[in-house]
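To start, the structure itself, in structure tokens.
The values are calculated or read from the model by the stated rules, or taken from the named source; none is laboratory data. Just so it is clear, the structure is predicted and the values come from calculations on it, not from any experiment. For neighbour counting, all protein chains shown are included, and Cβ atoms are generated from backbone atoms with ideal geometry for every residue, glycine included.
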Amino acid sequence: MVLSPKQVFLTPQGLCVGLCAHWMKMEYYMPLKASWCAVGVWVCMAGLAGCASPNASKVEGLAAQGKAYTSTLKKVNDFALAQSLEFTADLLPNLPRDADTLEEHTQAMRQRHALLQEIAAYLDVQAAYFVSLEALAKGDTSEATKRSLRNHVEAFNKLPQVETVPRAKKDALTNLAEHIARWHHHRDLEEVLRRDADAVAQALWMNQQLLDEQIRWLEKRATLVRQVNYRERVYKPYVGNNKLGEAWKKAWISDIEQPHAIALLQQAKSASADMQDAWLNLLRGQADFGPLANTFADIHHNMKQAAAHMAEGTTP
């Protein structure tokens with residue numbers, strides 16, 4: 001395709017050459033030799049290339065957010081488990097008090113606890129990967145760091161055993177290496193990102209699926225608890241003409257509000273989608289981690305508030 005003179009000037013090359021020609025026309029730049037102008041063009045082009053190409057600081061930023069992300073997800077899962085235990089403990093006294101009922105709900109919570117330990121281990125592997133990736137971005141190109149990255153990314157294939165979570169890969173997160181930008185002066189980083197592009201993206205997507213399963217499981221238990229609590233703490237006192245005090249008011253409000261744990265899990269699920277986008281943007285040579293950091297801060301703030309409500313006994 002042939003470019004017009006105006007289009008040529010608007011390219012990085014045309015801009016640099018145009019600036020040089022402008023300098024040569026200026027009276028006090030007349031002594032400037034053409035060879036020095038050529039050097040100036042080269043420096044100009046290198047500067048423009050640096051602005052448009054990926055750099056190690058972007059990988060550092062992504063790795064730092066990855067560590068914050070995995071830590072946040074573990075805390076949200078721990079909070080959800082704590083609230084699940086509270087739900088179940090509140091529910092049991094209002095169910096048939098026999099051995100089968102106790103065994104059923106006790107085993108369900110034991111299995112959920114074991115599953116969340118598996119998920120925590122899966123997140124720990126991801127956190128360790130981001131630690132090694134950060135080290136590589138900071139200039140640690142040792143074989144130990146490269147081996148650590150390789151071992152961690154291979155461990156991503158050891159997924160938590162959840163029957164309701166699909167194990168198939170997401171098609172949109174495959175062959176990502178084809179879209180990776182060129183990493184000038186950072187060949188080690190480029191090689192690692194090309195190798196791990198799909199694996200990391202799939203792991204982040206799996207986190208989202210695991211959170212979705214958590215939400216479904218918790219919603220199911222919360223619905224059962226809500227039905228029992230409404231019957232025992234809201235409906236019966238109300239129709240029985242009992243004196244309705246502060247406890248009744250809190251029970252009625254709790255029946256209407258969404259459980260804090262579910263809201264936090266939904267927020268964490270949204271953050272997982274944002275983390276996937278951040279990874280894809282990094283591969284393209286782009287990076288803006290401000291919104292992601294703000295999301296993690298919001299989750300921690302909301303978790304503190306929810307914990308305070310739990311301590312006061314006002315959590316729905």
Criterion: under 34 Å from the mean Cα position of the chain (by Cα), aliphatic (A, V, I, L, M) and at pLDDT below 90 - qualifying residue of LEU224, LEU211, LEU244 = LEU224
ask   = Residues of segment 157-197 being modelled with pLDDT of 90 or more and either under 23 Å from ALA68 (Cβ atoms) or outside any helix (DSSP H, G or I) (or both), which ones?
value = VAL192, LEU193, ASP196, ALA197
request  = Please give the number of the condition HIS152 fails out of (1) in contact (Cβ under 8 Å) with a residue 40 or more places away in the chain; (2) part of a helix (DSSP H, G or I).
outcome  = (1)
task = Could you tell me whether GLY139 is crowded, with 20+ Cβ neighbours inside 10 Å and of a type outside the set (Phe, Trp, Tyr)?
result = no
request  = Take LEU32 and decide whether it is of a type outside the set (Phe, Trp, Tyr), surrounded by 13 or more Cβ atoms within 10 Å (Cβ to Cβ), modelled with pLDDT under 80 and not in a helix (DSSP H, G or I).
outcome  = yes
inquiry  = Quick test of your reading of the structure: LYS249 fulfils all but one of (1) surrounded by fewer than 18 Cβ atoms within 10 Å (Cβ to Cβ); (2) touching a residue at least 24 places away in the same chain (Cβ under 8 Å); (3) part of a helix (DSSP H, G or I). Name the failing condition by number.
reply    = (2)
Selection count where residues are part of a helix (DSSP H, G or I), farther than 30 Å from ALA271 by Cα and either in contact with a Ser or Thr (Cβ under 9 Å, 6 or more places away or on another chain) or aromatic (Phe, Trp, Tyr) (or both), scope segment 77-102 = 1
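To keep it simple, each residue is scored yes or no on (1) assigned to a helix (DSSP H, G or I); (2) modelled with pLDDT under 90; (3) not basic (Lys, Arg).
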| residue | (1), (2), (3) |
| --- | --- |
| ASP255 | yes, yes, yes |
| GLN267 | yes, no, yes |
| ALA278 | yes, no, yes |
| GLN286 | no, yes, yes |
| ALA293 | yes, yes, yes |
| ASP298 | yes, no, yes |
| GLN305 | yes, yes, yes |
| ALA308 | yes, yes, yes |
note = Exception for ASN294 within (1) among the polar types (S, T, N, Q); (2) surrounded by 14 or more Cβ atoms within 10 Å (Cβ to Cβ); (3) without any contact (Cβ under 8 Å) to a residue 40 or more places away in the chain falls at (2)
task = Kindly indicate whether ALA268 is within 30 Å of GLN227 (Cβ to Cβ) and either without any contact (Cβ under 8 Å) to a residue 60 or more places away in the chain or not hydrophobic (A, V, I, L, M, F, W, C) (or both).
result = no
inquiry  = Tell me the residue from VAL200, VAL234 that is surrounded by 16 or more Cβ atoms within 10 Å (Cβ to Cβ), hydrophobic (A, V, I, L, M, F, W, C), more than 19 Å from the chain's Cα centre (by Cα) and outside any loop (DSSP other than H, G, I, E, B), please.
reply    = VAL234
